[in-house]
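See below for the structure under consideration.
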Amino acid sequence: MAEGELWQQDAWELAEQVRAGDVRARELLELTLTRIERFNPALNAICYEAPDEARAAADAVDERIARGEDPGPLAGIPLGVKELAQVRGWPDTSASRAWAGKVAEFDCTEVRRLRRAGAVPVGLTTSPEHGTVSFTASTLHGVTRNPWNVERTPGGSSGGSAASVAAGVFPACTGSDGGGSIRIPSSYTGLFGMKTTFGLLGVGPEPFNYSMTSVHGPIVRSVRDAARYVDVASGPSPTDPTSLPKPPVPFEELVVSGAATERLRGKRVAWSSTLGWAGTDPEVEKVVYDAALQLIEQAGLELVDRSIDLPKPGRSWGILSSMQTAAFHLEHEQDHLDELDEVHRAGAALMMNLRPRGLFKAIRRRHELLLATAEVWEDVDLLLTPTTPTPAIAAEGTLRGTVAGKEVGLFELSAAFTGVFNMTGQPAASIPVGFVDGLPVALQVVARRHEDDLCFGAGALLEQLRPWPKFAPMAYE
């Protein structure tokens, strides 16, 4: 099979060919290493490679195939791992100079499960320091760039993963989402992004998310790839008291059979481009709303005329999200403040000076959000919004910008529609639906907790109705 045909395949297609013995895992790996060498200088999306270790893992997959064994549903898939995750023996710096030289002592649960399913970890993809911002740049690794336009960011914090997948370097990468860090990069780079119900992908021995905001998940190009990934990586963990059991029916089965899409019929849906307080670029709103109407019509959804007016997260999201990082890093970083990036240094100062009243207020605001969203779900089954208010922002990032003529901070610039649902724990998918100024934009579909299949179903239907390119033009160079 020609090189071009291979790198353009979805991860599930490649895995099936490896399982059938039609393609060798080593062949996929060497292709990936070649594409890293070709595209990473322009993207700066991969910050660590372990080619010898990956070759040994790929050869092991091929040997199992030769013995008539099945390595698993991700057989031979070259995998990029977001640098906030742990791979035994690899750097574990959280993209921070304060942790330079730290090495992971174990595989995190996600990597262990993906490896058990036949995936071949190849290297680490870039993230901002501790994943604190929605663009990917750090003093440790520099600026990561979007393959659709290298002057723009691929988003954050899973920016290196998104840039790599959109450029056809990796067929799949790991990601994590504490305020939009899967959905924002997916929106900015034209990929399908899925944030699952909080707890669906249990973790351990790494600490579970005490902030109860962040989840692990896939950075991939297709809905079926995302479903297969979640099926593999989900499940309970004995050290994660928030972890949930696997769903009774695999998401991939629901997607392939059409059951996930069929379940949309008759569901009530609301649209919002503000959530009561945010703004959206008019051109983005036009493209995304058109896709929303198409989804509603073709899925047999009922559009409900309901105003969506949720409390603004304000500082509460930042405080609650920072608790996890502070609990496991702040004691060490207090002696390395001059080595921290500007945003994380400010977050560390916030935690060091946080008074009980500030924490109590943040907890109460989260409760207000939970009550408000519960009222929404009494009237509707799905909420549709833009994923991001604008297309991708500048590659170097900014802490302020303009949306619909109004100057806003970074949260409202990029995470206005995503961060809210990290605080409420609901599943949400980012689905590519078009372009503004030559850059991808996306529709976000939010469902009740435990109804992730509706998000997959909406993605699968739109993937048929308005197929997205899956690759940035750079991938073909």
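The values are calculated or read from the model by the stated rules, or taken from the named source; none is laboratory data. Because the structure is predicted, anything quoted here is derived from the model rather than measured. Here Cβ is always computed from backbone atoms with ideal geometry, including for glycine, and neighbour counts include all displayed protein chains.
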Could you check region 120-236 for helices (runs of 4 or more DSSP H) lying wholly inside it with 3 or more residues that are of a type in the set (S, T, N, Q)?
183-189
Restricting region 239-260 to residues that are among the charged types (D, E, K, R) and more than 21 Å from Ala299 (Cα to Cα), which is surrounded by the fewest Cβ atoms within 10 Å (Cβ to Cβ)?
Lys246
Give all pairs with beta carbons closer than 6 Å in which a residue from region 223-246 that is under 19 Å from Ala428 (Cα atoms) and without any contact (Cβ under 8 Å) to a residue 40 or more places away in the chain meets a residue that is outside any strand (DSSP E or B) and among the polar types (S, T, N, Q); count only pairs at least 6 apart in sequence or on separate chains.
Lys246/Ser234
Among the hydroxyl-bearing types (Ser, Thr, Tyr) and within 22 Å of the chain's Cα centre (by Cα): is that true of Ser257 in this structure?
no
Among the candidates Trp277, Trp271, residue that is surrounded by fewer than 19 Cβ atoms within 10 Å (Cβ to Cβ), of a type in the set (A, V, I, L, M, F, W, C), under 21 Å from Thr387 (Cα atoms) and over 21 Å from the mean Cα position of the chain (by Cα)
Trp277
Which residue is surrounded by the fewest Cβ atoms within 10 Å (Cβ to Cβ), if the candidates are limited to region 12-37 and must be of a type in the set (Gly, Ala, Ser) and assigned to a helix (DSSP H, G or I)?
Ala20
Inter-residue pairs, beta-carbon under 9 Å, first more than 22 Å from Gly405 (Cβ to Cβ) and in region 283-302, second of a type in the set (Ser, Thr, Tyr), 6+ apart
Ala292/Thr385; Ala299/Thr261
Any residue that is of a type outside the set (Ser, Thr, Tyr), under 30 Å from Arg345 (Cβ atoms) and either modelled with pLDDT of 95 or more or not in a loop (DSSP other than H, G, I, E, B) (or both) - is there at least one of those in region 49-61?
yes
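Every residue, every condition in (1) within 26 Å of Arg145 (Cβ to Cβ); (2) out of contact with any Cys (no Cβ under 8 Å at 6 or more places or on another chain); (3) surrounded by 19 or more Cβ atoms within 10 Å (Cβ to Cβ), yes or no:
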site: Ala50; (1), (2), (3): yes, yes, no
site: Ala60; (1), (2), (3): no, yes, no
site: Ile65; (1), (2), (3): no, yes, yes
site: Asp70; (1), (2), (3): no, yes, no
site: Ile77; (1), (2), (3): yes, yes, yes
site: Arg88; (1), (2), (3): no, yes, no
site: Cys108; (1), (2), (3): no, yes, yes
site: Val120; (1), (2), (3): yes, yes, yes
site: Gly131; (1), (2), (3): yes, yes, yes
Count of region 62-74 residues which are part of a helix (DSSP H, G or I) and of a type in the set (A, V, I, L, M, F, W, C)
2
Condition check for Ala475: small (Gly, Ala, Ser), crowded, with 23+ Cβ neighbours inside 10 Å and part of a helix (DSSP H, G or I):
no
Give the residue that is nearest to Glu463 (Cα to Cα), with candidates limited to residues of region 294-319 that are of a type in the set (A, V, I, L, M) and not in a helix (DSSP H, G or I).
Leu301
Can you tell me how many residues within region 163-193 are farther than 13 Å from Met474 by Cβ, touching a Gly at 6+ places or on another chain (Cβ under 9 Å) and touching a residue at least 60 places away in the same chain (Cβ under 8 Å)?
18
